[in-house]
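**Student:** Structure in structure tokens, see below.
The values are calculated or read from the model by the stated rules, or taken from the named source; none is laboratory data. Predicted model, so just to flag it, every value in this text is computed and none were measured. In this analysis, Cβ positions are derived from the backbone assuming ideal geometry, glycine residues included, and neighbour counts consider all displayed protein chains. Areas reflect the complete protein model, heavy atoms only, side chains present, ligands, DNA and RNA absent. Shrake-Rupley method; radii C 1.70, N 1.55, O 1.52, S 1.80 Å.
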There are 4 protein chains.
Amino acid sequence: MELKVGVIGTGAIGKEHITRLTNKLSGAKVVAVTDVNEGSAKEAAALCGARVEKSDKDVINASDVDAVIVTSWGPAHAASVLAAIEAGKPVFCEKPLATTAADCKKIVDAEIARGKKLVQVGYMRRYDKGYLQLKEILDSGKVGAPLMIHCTHRNPSVDASYITSMAVSDTAVHEIDVLHWLTGEQYKSAQVLFPKSTSLTHSKLKDPQIMILTTESGIVINLEVFVNCQFGYDIQCEVVCEKASIKMPDPLFPSIKMDAEYSTAIETSWKRRFIDAYDVELQDWINAAKAGGAAGPTAWDGYLVGLGSDALVKAQETGKVEPVNAGPCPSFYR
Amino acid sequence: MELKVGVIGTGAIGKEHITRLTNKLSGAKVVAVTDVNEGSAKEAAALCGARVEKSDKDVINASDVDAVIVTSWGPAHAASVLAAIEAGKPVFCEKPLATTAADCKKIVDAEIARGKKLVQVGYMRRYDKGYLQLKEILDSGKVGAPLMIHCTHRNPSVDASYITSMAVSDTAVHEIDVLHWLTGEQYKSAQVLFPKSTSLTHSKLKDPQIMILTTESGIVINLEVFVNCQFGYDIQCEVVCEKASIKMPDPLFPSIKMDAEYSTAIETSWKRRFIDAYDVELQDWINAAKAGGAAGPTAWDGYLVGLGSDALVKAQETGKVEPVNAGPCPSFYR
Amino acid sequence: MELKVGVIGTGAIGKEHITRLTNKLSGAKVVAVTDVNEGSAKEAAALCGARVEKSDKDVINASDVDAVIVTSWGPAHAASVLAAIEAGKPVFCEKPLATTAADCKKIVDAEIARGKKLVQVGYMRRYDKGYLQLKEILDSGKVGAPLMIHCTHRNPSVDASYITSMAVSDTAVHEIDVLHWLTGEQYKSAQVLFPKSTSLTHSKLKDPQIMILTTESGIVINLEVFVNCQFGYDIQCEVVCEKASIKMPDPLFPSIKMDAEYSTAIETSWKRRFIDAYDVELQDWINAAKAGGAAGPTAWDGYLVGLGSDALVKAQETGKVEPVNAGPCPSFYR
Amino acid sequence: MELKVGVIGTGAIGKEHITRLTNKLSGAKVVAVTDVNEGSAKEAAALCGARVEKSDKDVINASDVDAVIVTSWGPAHAASVLAAIEAGKPVFCEKPLATTAADCKKIVDAEIARGKKLVQVGYMRRYDKGYLQLKEILDSGKVGAPLMIHCTHRNPSVDASYITSMAVSDTAVHEIDVLHWLTGEQYKSAQVLFPKSTSLTHSKLKDPQIMILTTESGIVINLEVFVNCQFGYDIQCEVVCEKASIKMPDPLFPSIKMDAEYSTAIETSWKRRFIDAYDVELQDWINAAKAGGAAGPTAWDGYLVGLGSDALVKAQETGKVEPVNAGPCPSFYR
């Protein structure tokens, strides 16, 4: 029995997920799509033999739609997700869950009121093999408690539309989610340092930045965001524990001895870097949605990312250590 | 439109492929299974909602079976594959294609007579990311012609049923296929050296062995087979070219600093090592079989592995350099 | 013609330097030694056939002593160094140059007044091959300007006499010197973060600590000091530049595949880690002292380390960003 | 008390050793030199304040010469070494000990007749840190018995004067000596395989070559010699044992992330690769010669290298497995 899926938003990531469900993953079928751009919706429908609907509500409420994927632009997420909750249908929402922490909180409240976990947020790094391996070792207990985490999030380059605050909202959000999951802790404070900027950035972007987050138990996270590093898409994560330091592996490439250098390639595409994680993530969602629920990052997790991001953006502006205060995790999400 | 598949042989690997088709890959559905052990066939049928047939011929000739997977024991392969060719149905045959080079040749001849490529042999290493990356670099031309290949095929340990000749038939066959594919060349000669045996082997197994194969253009392949190496399932492949040496990457594991050692795990399971390759391989076959044909290793490739294996086994016995002579590749397979 | 050397202070490091000059390096000979502990002085004299003198002044002013090595305890350094400057003799002073920045400044002033560089301070990391290689690459210009430096200074463990402030005075001092040399810049500010302490420390030591230094041009240095890390003496240094990131190599050890792990040893002894650097450092000093002068870290460098240390210790106490202000480097030292 | 040394042969390597003894090592002083080229001898003498003698005999028999270094060209080695033995003076002879196994044997016999070990042969790899680390691990017993050794000896390029047989006499000799020392075993057989030659070689040089040596206990050594590999001076050594595989470390270079590559430099100069080993080797010889004897590789070791080389050169010509038969090691050398 296949899960019949409606897709809201058929831009690049929407079309990719449609292709993934249609040609690669098992157990789901896209039956309806919609987009503010009707031409885009028609193209997407052609990829999978689905029909085009007029609006997100039409998709959500269609009687043959079992579950919904929200891949519209960020500001439209909250309304679609709330409608799906109201309809009692499982919904996969690409990041961010909503563009303000307040809207995230509304979704959390609505889901708790509905009494069932229906929302999965698209933070796919939790499905990446490397992070899963780190977590397995941390959870084994043999390395002691984590004390510090050193990370880098580096991109070869960004264009002129990418400004200072986006180092948080477009980039650091991934670490904010995955390190919360990795440590099992909520954040307490946020700080941002601005080293000398690279000459290869533009006037509206301070680049690189060093973001410092602390968690409830006192773990210090040190995140270098450097989006014009030139040399690659370089995601590093080292967790320093009481008895050991563990480091996530780099992607697989052959090593070459040539021209007096011993080298391996560095990934340059964020999409290729995490492509396997996207597959695992959506298969996990299909399996959970078939059972009427959700897996992976919850609405509460989406809310925490919102709060953490807000604090980092504020810290960028004030130059100070800013508090993060989510309150305790509701028992519904534990 | 889903490919309806019949499975002949429902032992361990048969059940795994059934599960793969049912829960993981896209576009195929198992409708009929058979096995000499009826209980095993019933278990397999329950995994995927298929029916049990009495014989391989019943599976092959069933009107709702579009394509066939042969995962019975080796000596039964040739008959089922020949029957599938006769029925004009795409057939995926787990390695070996047949247990003698003569039977492989019969299949080659039958397929050429039928006039259509229907047979895919289950040498999955060609679908492994590491080998694909090596091939891409070799084919780029930037490293010059390959001159030597240094390989290891190491297993932690084997049991008492594994004897000297199986270092070829169970182990080296994988390299025989994948290095033929990697170099695009057929083999000319085979030699086997026996170093001092490890004290951790038994009387019927000389372990380790060093197998030396040469190709048409003179590439020398140096393959260490060591199946009681204790430390892991360790597959290495370094291709030394005129301008560079390229080495396949090791599987991804975190690196850990602990107890005065900086370490990464070594894979210990051959199944986990190539699990992604199995998925890609079967998805490729599904896609090709839907179009009525086959992909990946051909019956001719299966025949070449048979000839190479025979020469290595003979070289184990004679201690000499033994010739391998396949004759030119038929145009049908080029 | 050999350099005739007097050694002041014959504890562990003093005896090592005596042995080094006597059995390993070229061109120097120890002729006189002194120590507050006369027994120790006699032992040291026996190692090299030297005579024992009563006091540091007797050593410095002996007519057959060409140059002086000061390896007494820290609080005694300044007086001996000042006496050597007064006598116009080259002097190698083990770190620290003096225990207060004020005393360091006195030495700087005395040396400038004397009009000749006579003082070399024992910061040996500048002679370590790894740091030299980093500097060569940075100076080549091909990697762009340095923007950030990520370092670790980890020890397996320390005893109960090691307290929080010593993370600066005994440990971070090495990075304070070598990173000043590596970047060619003086420091502007210092900050210290205290992550959750390891359970393997004691009540008077917060461990680990993250020290943040900024330089004149805005380079941000991120130094993890973790002196009970358990797993080794682990010195890391990664310099992130505009176009590349460069990382110092780890010490050489064989790689071993065993027990499902691929591992290399981690150094556990700080002495072995930098033993080659000590040799190169002292040979460089011998060569310079023969010519009547000094090489390597100057008295001004020693003063800068003093100022940087003071700022970090203050930052440990205040929790704030503390300024460092050395003023411009005197032309005498440029 | 300094060792007074006479140097016979003042070409490149002779001058280097003179400089090493004069400016870097401890305890020796060159007092007399000679060379067939008087101008070269004068230059060398100027480097160290020595006098020029007319002949090797004049150097050897000079009353103020305690010990002799032979760095003349190969064919002259045997006569000088025999004269030094006759004079009862310690002699360090650069490789080869002699150009024929017969002459090596003469030296062995003369030394045994003299009753004292006076000869040290300049195979410096035994003093390289990497090989020493391998030996320490092998000797620890924790990895089991060695079964196979995979080596590479690669040079960036050679000129037209380097012909096929020199792959043995100039190149493989280093491995022949160091692997004998590493395993503690003598050789039993030699074989050479010729892969397709690189297009970057010339007509008188087959390049690469694969040399296979076996030892008394059956260890199989697999040595790739590739002297036009283009990419570097690349010395690899992996020893596969019953329970582990151990691999020699590569030289230290920083790792750089740049231009989508993660790379470290490869050494390109054989001289730099082993420069530390030369220092340790000669210091060891100085210390031994001061005591009237020798250290490191003996005349017997030099003879074994001669026999191994002869067998490999013969194997190059015959294409067969050639025996090596040294007979038992004389008790004098055990």
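**Student:** Going by what's in this entry, would A:Gly141 be described as free of Cβ contacts under 8 Å to residues at least 12 places away in the same chain, of a type outside the set (A, V, I, L, M) and closer than 27 Å to A:Val65 by Cβ? Show your work before the answer.
**Tutor:** Details: free of Cβ contacts under 8 Å to residues at least 12 places away in the same chain: yes; of a type outside the set (A, V, I, L, M): yes; closer than 27 Å to A:Val65 by Cβ: no.
So A:Gly141 does not fit the description; no.
Okay, residues lined up against (1) open to solvent by less than 10 Å² (accessible area, probe 1.4 Å); (2) in contact (Cβ under 8 Å) with a residue 60 or more places away in the chain:
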| position | (1), (2) |
| --- | --- |
| A:Ser269 | no, no |
| A:Trp285 | yes, yes |
| A:Ala288 | no, yes |
| A:Thr298 | no, yes |
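**Student:** When you scan the range A:21-32, do you find a residue that is out of contact with any strand residue (DSSP E or B) (no Cβ under 7 Å at 6 or more places or on another chain), small (Gly, Ala, Ser) and open to solvent by less than 80 Å² (accessible area, probe 1.4 Å), even just one? Write out each step before concluding.
**Tutor:** Initially, the range A:21-32 is screened for residues out of contact with any strand residue (DSSP E or B) (no Cβ under 7 Å at 6 or more places or on another chain), giving A:23-26.
Restricting the remaining residues to those that are small (Gly, Ala, Ser) gives A:26.
If we keep only those that are open to solvent by less than 80 Å² (accessible area, probe 1.4 Å) as well, we get A:26.
Scanning the range A:21-32, I find at least one residue that is out of contact with any strand residue (DSSP E or B) (no Cβ under 7 Å at 6 or more places or on another chain), small (Gly, Ala, Ser) and open to solvent by less than 80 Å² (accessible area, probe 1.4 Å), so the answer is yes.
**Student:** Restricting to the range A:65-100, name every residue that is small (Gly, Ala, Ser) and in a strand (DSSP E or B).
**Tutor:** Going through the range A:65-100, the residues small (Gly, Ala, Ser) turn out to be A:67, A:72, A:74, A:76, A:78-80, A:83-84, A:87-88, A:98.
The answer is A:Ala67, and nothing else.
**Student:** Which residues, counting only those in the range A:228-246, are out of contact with any Lys or Arg (no Cβ under 8 Å at 6 or more places or on another chain) and of a type outside the set (A, V, I, L, M, F, W, C)?
**Tutor:** A:Asn228, A:Glu242
**Student:** Within the range B:19-64, restricting attention to residues that are within 21 Å of B:Lys290 (Cα to Cα), part of a loop (DSSP other than H, G, I, E, B) and hydrophobic (A, V, I, L, M, F, W, C), which residue is nearest to the other protein chains (Cβ to nearest Cβ)?
**Tutor:** B:Leu25
**Student:** Can you tell me how many residues within the range B:34-62 are open to solvent by 30 Å² or more (accessible area, probe 1.4 Å) and either in contact with a Gly (Cβ under 7 Å, 6 or more places away or on another chain) or polar (S, T, N, Q) (or both)?
**Tutor:** Of the residues in the range B:34-62, 4 are open to solvent by 30 Å² or more (accessible area, probe 1.4 Å) and either in contact with a Gly (Cβ under 7 Å, 6 or more places away or on another chain) or polar (S, T, N, Q) (or both).
**Student:** For the list (1) without any contact (Cβ under 8 Å) to a residue 60 or more places away in the chain; (2) open to solvent by less than 40 Å² (accessible area, probe 1.4 Å), I need the number of the one condition that D:Ala12 fails.
**Tutor:** In the conditions (1) without any contact (Cβ under 8 Å) to a residue 60 or more places away in the chain; (2) open to solvent by less than 40 Å² (accessible area, probe 1.4 Å), D:Ala12 misses (2) alone.
**Student:** Here is a follow-up. Are any of the residues in the range D:245-266 more than 25 Å from A:Ala265 (Cα to Cα) and either surrounded by 20 or more Cβ atoms within 10 Å (Cβ to Cβ) or touching a helix residue (DSSP H, G or I) at 6+ places or on another chain (Cβ under 7 Å) (or both)?
**Tutor:** First, the residues of the range D:245-266 that are more than 25 Å from A:Ala265 (Cα to Cα): D:245-246.
If we keep only those that are either surrounded by 20 or more Cβ atoms within 10 Å (Cβ to Cβ) or touching a helix residue (DSSP H, G or I) at 6+ places or on another chain (Cβ under 7 Å) (or both) too, we end up with D:245-246.
Yes, the conditions are met somewhere in the range D:245-266.
**Student:** Of the numbered conditions (1) surrounded by 19 or more Cβ atoms within 10 Å (Cβ to Cβ); (2) touching a residue at least 40 places away in the same chain (Cβ under 8 Å), C:Lys116 satisfies every one except a single condition; which is it?
**Tutor:** Among (1) surrounded by 19 or more Cβ atoms within 10 Å (Cβ to Cβ); (2) touching a residue at least 40 places away in the same chain (Cβ under 8 Å), the lone unmet condition for C:Lys116 is (1).
**Student:** I need a count of the residues in the range A:185-204 that are more than 14 Å from chain C (Cβ to nearest Cβ), within 27 Å of A:Ala277 (Cβ to Cβ) and free of Cβ contacts under 8 Å to residues at least 60 places away in the same chain.
**Tutor:** 0
**Student:** Turning to a different aspect of this structure: Among the residues of the range B:136-149, which ones are open to solvent by 40 Å² or more (accessible area, probe 1.4 Å) and at pLDDT 95 or above? Lay out the reasoning, then the answer.
**Tutor:** Taking the range B:136-149 as the starting set, the residues that turn out to be open to solvent by 40 Å² or more (accessible area, probe 1.4 Å) are B:136, B:139-142.
Selection gives B:Glu136, B:Asp139, B:Ser140, B:Lys142.
**Student:** Here is a check on your reading of the model: is C:Asp103 in a loop (DSSP other than H, G, I, E, B) and open to solvent by 10 Å² or more (accessible area, probe 1.4 Å)? Give the derivation first.
**Tutor:** On the way: in a loop (DSSP other than H, G, I, E, B): no; open to solvent by 10 Å² or more (accessible area, probe 1.4 Å): yes.
Answer is no for this residue.
**Student:** Identify all residues within the range D:320-334 that are among the hydrophobic types (A, V, I, L, M, F, W, C), assigned to a loop (DSSP other than H, G, I, E, B) and within 19 Å of D:Lys116 (Cα to Cα); write none if there are none. Walk me through how you get there before you give the answer.
**Tutor:** The initial filter retains those residues of the range D:320-334 that are among the hydrophobic types (A, V, I, L, M, F, W, C), namely D:321, D:324, D:326, D:329, D:332.
Narrowing the set further to residues that are assigned to a loop (DSSP other than H, G, I, E, B) leaves D:321, D:324, D:326, D:329.
The one that is among the hydrophobic types (A, V, I, L, M, F, W, C), assigned to a loop (DSSP other than H, G, I, E, B) and within 19 Å of D:Lys116 (Cα to Cα): D:Cys329.
**Student:** Would you confirm, using the coordinates I've provided, whether C:Val173 is out of contact with any strand residue (DSSP E or B) (no Cβ under 7 Å at 6 or more places or on another chain), more than 14 Å from every other protein chain (Cβ to nearest Cβ) and buried (at least 23 other Cβ atoms within 10 Å of the Cβ)?
**Tutor:** On the way: out of contact with any strand residue (DSSP E or B) (no Cβ under 7 Å at 6 or more places or on another chain): yes; more than 14 Å from every other protein chain (Cβ to nearest Cβ): yes; buried (at least 23 other Cβ atoms within 10 Å of the Cβ): no.
Judged against the criteria, C:Val173 is not a match.
**Student:** Further question on the same structure: For the range D:273-323, enumerate the residues that are under 15 Å from the mean Cα position of the chain (by Cα) and among the basic types (Lys, Arg).
**Tutor:** The one that is under 15 Å from the mean Cα position of the chain (by Cα) and among the basic types (Lys, Arg): D:Arg273.
**Student:** Give, as residue ranges, the strands (runs of 3 or more DSSP E) completely inside the range C:207-319 that count at least 1 residues that are more than 24 Å from A:Met148 (Cα to Cα), more than 10 Å from chain A (Cβ to nearest Cβ) and of a type outside the set (Ser, Thr, Tyr). Full working, then the answer.
**Tutor:** Working: elements: C:209-215, C:220-226, C:234-241, C:244-247, C:255-258, C:261-265.
The qualifying strands (runs of 3 or more DSSP E) are C:255-258, C:261-265.
**Student:** Moving to a separate point now. For the range C:63-80, name all the residues that are surrounded by fewer than 13 Cβ atoms within 10 Å (Cβ to Cβ) and either in contact with a strand residue (DSSP E or B) (Cβ under 9 Å, 6 or more places away or on another chain) or β-branched (Val, Ile, Thr) (or both). If you could, list the steps in order and put the result at the bottom.
**Tutor:** Pass one, the range C:63-80, residues surrounded by fewer than 13 Cβ atoms within 10 Å (Cβ to Cβ): C:63-64, C:73, C:75.
Hit for the range C:63-80 is C:Asp64, nothing else.
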